[in-house]
1. In square angstrom, what is the accessible area per residue of the chain with a 1.4 angstrom probe?
2. May I ask you to order 115-121, 269-275, 19-25 by the average number of other C-beta atoms within 10 Å around their residues, highest value first?
3. Quick check: from the Cα gyration tensor, does the range 127-261 come out rounded (a/c under 1.5), prolate or oblate?
4. Report, to the nearest whole %, how much of the accessible area of the chain belongs to carbon and sulfur atoms, 1.4 Å probe, protein only.
5. Arranged from highest to lowest average of other beta-carbon atoms within 10 Å per residue, in what order do the peptides 251-260, 334-343, 418-427 appear?
6. Which value, in debye to the nearest 20, gives the size of the charge dipole of the chain about its Cα centre, when Lys and Arg are +1 and Asp and Glu are -1 at the Cβ?
7. Treating the Cα atoms of the chain as identical point scatterers in vacuum, please give the log10 of the normalised Debye intensity I(q)/I(0) at q = 0.06 Å⁻¹, two decimals.
8. Out of ALA473, ASN463, LEU488, whose Cα points farthest toward the positive end of the dipole of the range 431-498 (charges: +1 Lys, Arg; -1 Asp, Glu; placed on Cβ)?
Amino acid sequence: MSFSPCNAGLSGPMSTAAGAIDNQREGSFAALGNVFLTRLPAAPLPAPYVVGFAPDVATMLGFDASLASAPGFAEFFSGNTTRDWPSASLPYASVYSGHQFGVWAGQLGDGRALTLGEAEHDGRRFELQLKGGGRTPYSRMGDGRAVLRSSIREYLCSEAMHHLGIPTTRALCVIGSDQPVRREEMETAAVVTRVSPSFVRFGHFEHFYANDRVDALRSLADHVIDRFYPACRDAEDPYLALLNEAVLSTADLIAQWQGVGFCHGVMNTDNMSILGLTIDYGPFGFMDGFDANHICNHSDSQGRYAYRMQPQIAYWNLFCLAQGLLPLFGARYGEAERSERAVQDAQRVLEGFKARFAPALEARMRAKLGLETEREGDDTLANKLFEIMHANRADFTLTFRNLSKLSKHDASGDAPARDLFLDRAAFDVWANDYRARLSHETRDDAARAEAMNRVNPKYVLRNHLAENAIRQAKEKDFSEVERLADVLRRPFDEQPEHEAYAGLPPDWASSLEVSCSS
Ligand code: AMP
Ligand code: MG
């Protein structure tokens with residue numbers, strides 16, 4: 001067993017886990033140095049307790065799957081032991097900037113996130129980050145804390161997204177405390193341990209660009225290339241190739257979000273991962289009744305981050321990233337022409353977003369409709385479905401799930417989807433078009449249904465499900481958090497014992513409001 005200052009005082013599996021976390025290793029973000037981060041201990045969290053724990057994330061990190069019951073677990077992942085760590089290996093908060101709601105916001109940074117370090121397992125390296133660990137030099141007016149409500153939402157959603165097959169940061173655990181935290185009302189504090197290969201955001205690049213630190217900008221880009229996109233080194237312009245990777249992974253990500261009716265809620269450039277991961281779960285939401293204009297963030301009065309806006313906002317954000325990387329582009333050109341050609345190159349790479357996103361979404365829609373072949377008019381069929389879903393506020397998840405029951409031969413299996421539409425006649429018109437389209441497919445109904453059920457989830461983290469788990473957790477009963485997390489680990493499976501989790505939301509769900517205040 002290794003001894004690291006981080007595991008001093010711990011024993012058993014917790015000591016092994018803590019000892020595996022390293023925050024000085026060569027090639028790590030931490031090794032980039034002081035320009036990028038500030039090291040500091042977490043603020044003490046009184047009497048911490050375990051609210052949620054994901055054994056599969058523990059295993060991914062090479063930790064014991066029963067770690068949560070090991071002595072010292074809650075103390076460690078509340079950040080409480082960090083006050084005893086030597087100064088050179090303290091956790092760190094990183095500095096970044098960003099555009100918030102379309103406006104340059106200047107310096108932001110990890111105002112309440114502290115990275116403990118990296119763990120390596122099976123040749124993969126992951127950073128572990130405490131969210132809600134107290135104030136940092138980047139906290140501005142904030143208290144550095146996260147509340148139990150938002151921490152449970154982040155924990156549940158990051159795990160749910162992963163099991164839906166959507167790129168995301170993960171969550172190892174949620175630790176709670178009775179420490180009061182003031183939001184719109186008094187709540188209590190919690191800390192989520194997030195896990196990701198990297199937490200680098202578009203905003204990190206924007207920061208060093210805005211501060212005219214081209215040296216730091218290059219170090220950061222080199223770090224990301226070396227660690228995550230080594231093939232970019234072979235490109236004519238490695239930094240342009242890095243932009244291209246961000247463009248492609250972001251386009252793929254947004255196509256996935258659109259395909260499950262997920263709204264992020266705060267797509268500011270500081271909340272965009274350079275790896276194309278879903279990051280920073282705040283006022284996110286999975287749609288119940290489909291509304292293309294759905295705004296999940298109560299604070300987003302203009303609807304900038306409405307569901308239908310997400311693709312173009314992602315594109316806009318990539319422009320900001322390209323701008324941030326601009327000083328690095330075009331090293332192969334002569335100085336006289338460099339800046340002009342760099343801009344042209346960047347624009348060309350950015351155009352790749354559209355070329356990637358549209359086919360990615362079309363492919364996703366084809367899979368959701370159970371179409372194996374490509375035919376003229378498939379996009380019209382999908383768009384028409386969205387139109388009637390929107391007009392009827394038909395439930396997003398159930399509509400697609402129930403379409404798998406529809407038969408290509410007759411209307412005998414239409415009811416489960418049809419009943420979600422108030423305007424049955426509109427559904428019937430569409431269903432006939434769909435049946436006509438299915439007649440060109442060789443697959444039989446059963447095989448199509450099986451394939452559709454592997455891409456159209458039955459279980460998503462609906463707001464009211466999270467809310468039920470949160471209400472019980474506030475009463476110190478965490479069983480619903482774990483039950484729900486378990487259901488969401490198998491979103492495509494029929495789980496007859498959990499049918500209630502797949503149902504339409506209760507009336508009270510429509511009055512739930514989520515905002516930036518978390
Ligand atoms: P977000 O909207 O959650 O992405 O946060 C935007 C910025 O505000 C980031 O720099 C966060 O670290 C910071 N921030 C959000 N909430 C808090 C808080 N309670 N305390 C300190 N900083 C915060
Ligand atoms: Mg953020």
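1. Here the per-residue accessible area is 39 Å².
2. Order by mean packing, descending: 269-275, 115-121, 19-25.
3. Taking the square roots of the gyration eigenvalues as a ≥ b ≥ c, the range 127-261 is oblate.
4. 51 percent
5. 251-260, 418-427, 334-343
6. Dipole size: approximately 520 debye.
7. Here log10 of I(q) over I(0) equals -0.29.
8. So the residue we want is ASN463.
The values are calculated or read from the model by the stated rules, or taken from the named source; none is laboratory data. Values in this document were obtained by computation on a predicted structure and should not be read as measured data. Note that we place each Cβ from the backbone using ideal geometry, even for glycine, and neighbour counts take in every protein chain shown. Note: accessible area is taken over every heavy atom of the protein model, side chains too, but ligands, DNA and RNA are not part of it. Shrake-Rupley method; radii C 1.70, N 1.55, O 1.52, S 1.80 Å.
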